[in-house]
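Every number here is computed from the coordinates shown, using simple stated rules; none is lab data. Remember, it's a predicted structure, so these values are computed and weren't measured experimentally. Cβ coordinates were reconstructed from backbone atoms using ideal geometry, including for glycine residues, and neighbour counts include every protein chain displayed.
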Amino acid sequence: MTDKIQDLIIVGGGPSALAAAIYTAREDIDTTIYEKAAVGGIVATIDNIDNYPGFPDGVEGMTLAEQWEKQAKRFGAKIEFGEVSAISVDGDIKTLTIDGNPVKAKSVLIATGRSYSKIGAPGEAEYFGRGVHYCATCDGAFYTNKRLIVVGGANSAVQEAIYLTRFATHIDLIVRSTIKASEILKRDLQKFVDEGRITIYLGTTIDEVVGINGHVTSIKATQNGQPMTLDTDGIFVFVGMKPNTWFLKDSPVELDEEGFVIADKTLHTNVPGIFASGDVRAGATMQIASAVGDGVTAAICIREYLHKLGK
């Protein structure tokens, strides 16, 4: 950490952040990405992305993330690991607290995306990593020839349940209300149901995650008002996402009621020089392709902002 005032700091290292960095670095804008976990974000954990343009047979999320990273670095973008805990503003200068140290920049792009929501049942936190998981690509192979529970009824839950059939002998799909996945995924899911490889429990909520000797063994649940127990070797939870904006709590950046960053059509927030793009932005469509587009739009608008500052 130095007293140097950088042109642009991008908070987050997912698709939107990397796309922006490719454009700004190519424009000779001094660009640094700060990512607290893995470059590529959640995308890097997805087994197969089937709807990203240019890949008719689909593409692994990790492969896509690695290509974005290489391209950004080729143009001179710097990628650092560090967690931003606060942002303050003094005139045209923004100060970010990164791993406890101040870093100054003329402009900031908030592209921190979303993180996995929890079901909130007793035992969920206790057995995290010991039977409770949120990434099928990361942990699915540990459950070869085992029985699994997948929680959720939207696209991600159905997609990951199907993926986990590669390893598990059987999947119990726990759905709080009804299946809300796309029609094509519903058709794919039905094939596995017909084969007896997936059982769907609609109108069901998990009341407790139960384990013995530090490992998950079953769940207690309620289906349409009736208590039930299901034995399992592991649970994969896909019940939605929430914006990663906790570090903006005491900042001047305006958030909506759900915690997403409010930005205008130029992706400018209410604070001059601070922009937002991708899934963290209020109104985002929560798609990889649109997150990339957001990053490009933000990069162009950041370039114009810096030009007005004399960059």
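Over the range 132-237, what is the percentage of antiparallel beta bridges among all DSSP beta bridges, to the nearest 5?
50 percent
How many percent of all Cα-Cα pairs in the chain sit more than 37 Å apart?
Of the Cα pairs, 24 percent sit more than 37 Å apart.
Can you give me the angle between helix 288-309 and the longest principal axis of the chain, using Cα atoms only, in degrees from 0 to 90, rounded to the nearest 10?
So the inclination is approximately 20 degrees.
Using modelled backbone amide H atoms (1.01 Å from N, in-plane), which distant-in-sequence or interchain residues come within less than 5 Å of GLY234's amide H?
So GLY234 has HN proximity to ILE149.
Which distance in Å, rounded to a whole number, links the C-alpha centroids of the range 129-178 and the range 234-311?
Spelled out, the Cα-based centre of one part sits 30 Å from the other.
Using only C-alpha atoms and all pairs of different ones, pull out the Kirkwood radius for the range 1-146 in Å with one decimal.
Result for the range 1-146 stands at 17.1 Å.
In debye to the nearest 20, how big a dipole does the chain give about its Cα centre with +1 on each Lys and Arg Cβ and -1 on each Asp and Glu Cβ?
Value, rounded to 20: 220 debye.
Taking only Cα atoms, what is the 0 to 90° angle, nearest 10, from helix 183-194's long axis to the longest principal axis of the chain?
Taking the Cα atoms of the chain, the angle to 183-194 is about 30 degrees.
Could you compute the net charge surrounding PRO15? Neighbours are other residues with a C-beta less than 15 Å from the C-beta of PRO15; K and R count +1, D and E count -1.
-3
Considering only the other residues whose Cβ falls under 14 Å of the Cβ of GLU83, what net charge follows from Lys and Arg at +1 and Asp and Glu at -1?
Taking every Cβ under 14 Å from that of GLU83, the sum is -2.
Please determine, in degrees from 0 to 90 and to the nearest 10, the orientation of helix 155-164 with respect to the longest principal axis defined by the Cα atoms of the chain, where the helix direction is its Cα long axis.
60 degrees
Roughly what percent of Cα-Cα pairs across the range 204-253 reach past 13 Å?
Roughly 69 percent, rounded to a whole number.
For SER117, list long-range residues whose amide hydrogen, built 1.01 Å from N in the peptide plane, is under 5 Å from its own amide hydrogen.
Amide H to amide H, under 5 Å and 5 or more residues apart or across chains, SER117 pairs with VAL239, GLY240, MET241, LYS242.
Ranking SER107, SER85 by Cβ neighbours within 10 Å, fewest first, what do you get?
Exposure proxy ranking, most exposed first: SER85, SER107.
Among PHE260, VAL11, PHE142, whose Cα sits farthest toward the positive end of the charge dipole of the chain (+1 at Cβ of Lys/Arg, -1 at Cβ of Asp/Glu, about the Cα centre)?
It is VAL11, whose Cα lies furthest towards the positive end.
Where does the charge balance sit around TYR163 when Lys and Arg score +1, Asp and Glu -1, over other residues with C-beta under 13 Å from its C-beta?
After counting each charged neighbour, the total is -4.
Rounded to the nearest 20 debye, what is the charge dipole size of the range 132-237 about its Cα centre when +1 sits on each Lys and Arg Cβ and -1 on each Asp and Glu Cβ?
Charge dipole of the range 132-237: 160 debye, to the nearest 20.
Output the peptides 273-281, 64-72 sorted from most to least packed, where packing is the average of other Cβ atoms within 10 Å over each peptide's residues.
With the highest mean Cβ count within 10 Å placed first, the list reads 273-281, 64-72.
To make sure I understand the rule: partners must be lysines, Cα under 23 Å from the Cα of LYS220, and not fewer than 8 residues away in the same chain. Which ones qualify?
Answer for LYS220, where 23 Å is the Cα cut-off: LYS118, LYS146, listed by chain and number.
Hey, which lysines would be in cross-link range of LYS106, C-alpha to C-alpha under 20 Å, not counting anything within fewer than 8 residues on its own chain?
LYS4, LYS78, LYS94, LYS308, LYS311
Using alpha-carbon pairs under 8 Å, 6+ residues apart, how would you state the relative contact order of the chain in percent?
Worked out over the chain, it gives 21 percent.
By how many nm would the segment from GLU195 to LYS70 grow when fully extended, if each residue of separation counts as 0.36 nm and the alpha-carbon distance is taken off?
40.8 nm
Taking the range 132-237, how much of its Cα-Cα pair set, in percent, is spaced more than 15 angstrom apart?
Result: 58 percent of Cα pairs exceed 15 Å.
What order do you get for MET228, MET62 when you list them from fewest to most C-beta neighbours inside 10 Å?
Final ranking by Cβ density, sparse to dense: MET228, MET62.
Using a basic spin-label model with each label point 7 Å from the Cα along Cα→Cβ, how many nm lie between MET286 and THR178?
About 1.8 nm, to one decimal.
Through the Karplus equation 6.51 cos²θ - 1.76 cosθ + 1.60, θ set to phi - 60°, convert the phi angles of the range 267-277 into ³J(HN,Hα) values in whole Hz; use x for Gly and Pro.
6, 7, 7, 6, 9, x, x, 10, 10, 9, 8
Can you give me the long-range amide H partners of THR199? Hydrogens built in the peptide plane at 1.01 Å from N, cutoff under 5 Å, separation of 5 or more residues or another chain.
Counting only residues 5 or more places away or on other chains, the set is ILE171, ASP172, LEU173.
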